[in-house]
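Below is one structure, written out as structure tokens; comments come after it.
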Amino acid sequence: MPASQKAPQATPPKLEVLPGMPPVIDANNIYSETTPDKMSPAVKGHRELIYVPNARGNDVSIVDPKTLQIIDTIKAGKEPQHVVPSYDLKTLYATNDLSNTLTAIDPVTGKFIKTIPVEDPYNLYFTPDGKFAIVVAERLRRLDFADPQTFKVVEQVKVPCRGVDHMDFSPDGRYLIATCEFSGELVKVDVASRKVLGKLGTPGGGMPQDIKISPDGKTWYVADMDANGVHMIDGDKFVVTGFLASGKGAHGLYVSRDFKHMYVTNRGEGTVSLINLATRKLEETKWVIPGGGSPDMGNVSADGKMFWVSGRYHHVIYGFDTATGKLVAKIKGGRNPHGLCVWPQPGRYSTGHTGVMR
């Protein structure tokens with residue numbers, strides 16, 4: 001065929017996203033807008049810090065990742081579980097589970113702003129259209145859809161499971177899947193109608209923790225602390241498609257900045273496993289904490305060079321070099337550090353937790 005008569009190239013498929021949600025730029029990589037060169041103007045002037053909620057200390061430690069020192073401590077409510085960036089990236093919230101409050105923090109100054117009454121905020125997420133905050137009321141078995149500025153509840157969605165705690169959203173933002181830790185189940189919810197679409201048991205009952213969707217949107221990974229590994233799920237069909245034995249107490253899931261790996265924190269054995277996202281198989285090597293540890297929740301640095309994670313039962317903060325897998329920082333922290341937030345992060349908006357960006 002002459003060059004002038006070449007067949008037109010197929011255009012990449014476009015997702016029909018939840019109305020009001022920013023468009024998906026690359027259907028093959030829903031995290032395409034989270035590369036280090038894509039910092040939002042909204043985070044200009046934000047201090048590069050690590051915010052560590054100490055569940056038993058009732059406070060938040062502020063860590064300077066350059067000096068590896070705790071530079072400040074913010075008093076929070078009772079049992080802060082996670083530090084969560086808002087959808088618009090302008091505020092950080094510590095979720096004080098047992099005092100029914102959020103502690104709002106200014107990411108420009110790293111200082112306390114105010115306390116907000118919110119019922120049972122074990123975790124906090126935001127719908128991809130920015131319309132709602134979702135307060136994960138674990139002990140009340142609810143997902144509370146609320147105004148993302150005032151946190152006034154618009155609708156309470158009862159979930160048919162126990163221990164709802166983590167979630168992620170489909171590539172088009174139209175549904176979410178949440179884990180239910182205490183009943184060993186997953187629950188699927190339509191975002192627009194806020195209706196429960198179904199639930200799915202994890203094999204053997206299990207104790208599902210964090211959940212994260214792959215860059216191509218085809219596989220959902222579910223860390224299972226009881227099964228000592230990661231389930232793979234087809235979200236559209238809502239079925240289990242496989243299992244990866246990552247290690248004892250599999251807990252947190254984080255996509256590497258180059259989108260090649262999923263980091264899995266194995267809290268029960270003091271290691272981090274790497275899932276190859278192209279092959280959907282485990283890499284042979286693990287990152288090992290010398291002498292053991294309890295890596296829990298965290299995030300990757302904005303440049304992707306460090307993976308920071310709380311040491312839940314060792315009262316420390318771990319820093320791994322992502323190029324070598326070596327533990328290069330171990331900072332003494334508060335009591336039972338949990339869902340730490342590395343901030344700022346690249347991306348257009350936050351869907352919550354410890355900084356899940358798109």
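Report the residues of the range 66-100 in range of a label on LYS44: point 7 Å along Cα→C-beta, backbone N strictly under 16 Å from it.
Answer for this model: 89-90.
Roughly how many Å is it from the Cα centre of the range 67-141 to that of the range 269-284, as a whole number?
That distance is 30 Å.
Just to verify a number: FRET efficiency for LYS152 and LYS237, C-beta to C-beta distance, R0 = 45 Å, to 0.05?
0.80
What is the dipole size for the chain, taken about its Cα centre, with +1 at each Lys and Arg Cβ and -1 at each Asp and Glu Cβ, in debye to the nearest 20?
Charge dipole of the chain: 200 debye, to the nearest 20.
How much length is gained on full extension from ALA192 to ALA104, taking 0.36 nm per residue of separation minus their Cα-Cα distance? Intermediate results must be reported in sequence, preceding the final value.
Details: separation 88, 0.36 × 88 = 31.68 nm, distance 2.71 nm.
Full extension of this stretch gives 29.0 nm more.
Mind giving me the FRET efficiency for TYR313 and LYS14? R0 is 45 Å, r the Cβ-Cβ distance, nearest 0.05 is fine. If you can, show how the numbers build up before the last one.
Values: r = 46 Å, r/R0 = 1.02.
Step by step, r from the Cβ atoms, then E = 0.45.
Spit out the partnerless Cys residues in the chain, using Cβ distances under 4.7 Å as the pairing rule.
CYS341
By its C-alpha gyration tensor, with a ≥ b ≥ c as the square roots of the eigenvalues, how is the range 197-239 shaped: rounded for a/c under 1.5, else prolate for a/b larger than b/c, else oblate?
Judged from the Cα gyration tensor, the range 197-239 comes out oblate (a/c at least 1.5, b/c at or above a/b).
For the pair GLU284 and LYS332, what calculated FRET efficiency results from E = 1/(1 + (r/R0)^6), where r is the Cβ-Cβ distance and R0 = 35 Å, to the nearest 0.05?
Taking R0 as 35 Å, the efficiency between LYS332 and GLU284 is 0.65.
Read-outs throughout are calculated quantities, based only on the coordinates presented, and are distinct from any laboratory measurement. None of the values given here were measured: they were computed from a predicted structure. All Cβ positions, glycine included, derive from the backbone under ideal geometry; neighbour counts span all protein chains shown.
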